[in-house]
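Read through the structure below, which is laid out as structure tokens, and then see the notes.
The values are calculated or read from the model by the stated rules, or taken from the named source; none is laboratory data. From a predicted model like this one, the values you see are computed outputs, not experimental measurements. Because the Cβ atoms are built from the backbone with ideal geometry, glycine has one as well, and the counts that use them run over all protein chains shown. The area values use the complete protein model at the heavy-atom level, side chains included, leaving out ligands, DNA and RNA. Shrake-Rupley method; radii C 1.70, N 1.55, O 1.52, S 1.80 Å.
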Amino acid sequence: MQREITNMAPWRLYLMLALCLLLPFCSGQTEPPQPTMMMTSPIFTQATQAMQGTSPLPTDFPDDGGTGGPPPAQQLSFVQPPPDNVDALRGDRVLLPCLVTGFTNPPTTEWRRNSAKVDSSVDNAYLVQANGSLLLWARTETLSGSYECVVMSNDGPAVADIQSPPSTVTIAALDNSFTASPASRLVQYGLPVYLNCTIRSTPAASITWVRNGNVLSSDSLGNLTIQAVGTTSYLRIPAAQFSDDGSTWQCQAVNSRASQHRVLSQTATIDVQGRPV
């Protein structure tokens, strides 16, 4: 028998071995023999138990180093926030961008000015565009202030809202005339003289004084004192002299951020009485 097996063609030998594994009569067994090689991987064992109903499917698969598994949660981030500072002229249209990325459902954008919500349905100076940017009609300098956009996610609580850094908007404007011009004075010789002028301007205009048509500089003030408080400029002559009699005085305002033109006030005249003969 052994010799017959030894001399048997290889393909016949393989066929007999296969039949012996499957058929019980080769070994006298009533059931086919069980495989003797089993996979020993922990993941394979858990999966086999899950298919047999004895264990849930594993959820703690090892980290694959970024080659698979659930993607990280999206987070909102700015593509183009509003600029830090914006200068505009009265009457301009100003666009403040607020463009973000990292969303599935378009987010909701809210704009605030000086921490108060901007309501475009109440004030037509504002228009929030579909992409979240704000179109501002700078119709008055009172709309200057600190603007910021708040972007609120519509993708669930896992995605946090974001807020832009503040954007300082300055609407530059210079009135075409002074709200208060220097007034003419009749003064006694040797007594002080006070003149003042006021003009609306944002930011505050640079005001210089003009005496007899000549702009006074720091080198030509002499004993005169000039003080600016807000949008008002004050001039003080400590003691009226005979050289001041008949002199004319004006204010000149310049706001380079609003325009390049100069605004002159009305002219005041100083009359000095009691001067020496």
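Figure legend: label point modelled 7 angstrom from the Cα of SER206 along Cα→Cβ; residues of region 240-277 with amide N under 14 Å from it are 252-263. Computed 3J(HN,Hα) for region 108-113, one whole-Hz value per residue from the Karplus formula 6.51 cos²θ - 1.76 cosθ + 1.60 where θ = phi - 60°, is 9, 10, 10, 9, 10, 10, glycine and proline marked x. Of the solvent-accessible surface of region 105-222, computed with a 1.4 Å probe over protein heavy atoms with every protein chain present, carbon and sulfur atoms account for 50 percent.
Charge tally around ALA253: other residues with Cβ under 14 Å, Lys/Arg +1 each, Asp/Glu -1 each, net +2.
For a paramagnetic label modelled on PHE242 (point 7 Å from Cα along Cα→Cβ), amide N atoms under 14 Å away belong, within region 187-220, to 189-190. Extension gain, ASP84-THR140: 0.36 nm per intervening residue step, less the Cα-Cα distance, totals 18.1 nm.
Near CYS98, the amide H atoms lying under 5 Å from its own belong to SER133, LEU134; only residues 5 or more places off or on other chains count, and H is placed 1.01 Å from N.
3J(HN,Hα) along region 236-251: 10, 9, x, 8, 5, 10, 5, 6, 8, 5, x, 6, 10, 9, 9, 9 Hz, from the Karplus curve 6.51 cos²θ - 1.76 cosθ + 1.60 with θ = phi - 60°, whole Hz, x for Gly and Pro.
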